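J.: The following block contains the structure, expressed as structure tokens.
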Amino acid sequence: MSEFLLGATGFVLLMVGIGLVCILRGPGDVDRMMSAQLFGTGGIAALLLLGAAMDVASVVDVALILAVLAAFAAIAFVKAAERAEADREAAEERT
């Protein structure tokens with residue numbers, strides 16, 4: 001069973017690597033943020049699969065911390081995008 005879990009971990013890491021290309025070459029900020037979320041989710045999945053394959057329980061704690069950080073990153077991005085949109089609208093009203 002651990003061979004299957006290690007293979008699945010490798011597959012998830014391969015998909016994360018493909019997502020990294022989208023982060024670097026993404027056409028817009030939203031696309032890059034979604035790729036970063038994919039990167040975080042894939043990293044969490046890889047950690048959990050690796051922890052299950054090696055029977056290490058402390059990996060779950062690290063994965064949960066990464067999940068919380070990914071959620072905070074998404075919230076911060078949305079707040080910054082809202083603020084930028086409000087600034088653009090205010091600048092258009094002044095002109």
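The values are calculated or read from the model by the stated rules, or taken from the named source; none is laboratory data. All values derive from a computational prediction rather than experimental measurement. With ideal geometry, Cβ positions are generated from the backbone for all residues, glycine too; neighbour counts draw on all protein chains shown.
J.: Quick check on my filter: what residues within the range 21-54 are touching a residue at least 40 places away in the same chain (Cβ under 8 Å) and either more than 22 Å from Ala80 (Cβ to Cβ) or touching a Pro at 6+ places or on another chain (Cβ under 7 Å) (or both)?
T.: Leu49, Leu50, Ala52, Ala53, Met54 - these are the residues of the range 21-54 that are touching a residue at least 40 places away in the same chain (Cβ under 8 Å) and either more than 22 Å from Ala80 (Cβ to Cβ) or touching a Pro at 6+ places or on another chain (Cβ under 7 Å) (or both).
J.: Please go through the range 1-39 and give me each residue that is basic (Lys, Arg) and either closer than 20 Å to Ala71 by Cβ or modelled with pLDDT of 85 or more (or both), ordered by number.
T.: Residue satisfying the conditions is Arg32 alone.
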